[in-house]
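A.B. asks: Below you'll find the structure I mean.
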């Protein structure tokens, strides 16, 4: 539910890759945490916007 830990871990992995060079486990850690954080943020934004679009419309739905 909280994307901060995954986003922070992805950011630290990106810094380690740029500092120490490319390694396969570090890249896997970067991509998995980035995808986890971005999917959580996407799900939260969709989940928060859909009820507002459905429930608080002032014009007819036809």
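The values are calculated or read from the model by the stated rules, or taken from the named source; none is laboratory data. Since the structure is predicted, the reported quantities are computational estimates derived from the model, not experimental observations. Positions of Cβ are generated from backbone atoms using ideal geometry, with glycine treated the same way; all protein chains shown enter the neighbour counts.
A.B. asks: Within region 10-29, how many residues are crowded, with 17+ Cβ neighbours inside 10 Å and more than 12 Å from the chain's Cα centre (by Cα)?
C.D. replies: Residues in region 10-29 being crowded, with 17+ Cβ neighbours inside 10 Å and more than 12 Å from the chain's Cα centre (by Cα): 2 in total.
A.B. asks: Being at pLDDT 95 or above, assigned to a helix (DSSP H, G or I) and out of contact with any helix residue (DSSP H, G or I) (no Cβ under 7 Å at 6 or more places or on another chain) is the requirement here; does residue 47 meet it?
C.D. replies: When the stated conditions are applied, residue 47 does not pass them.
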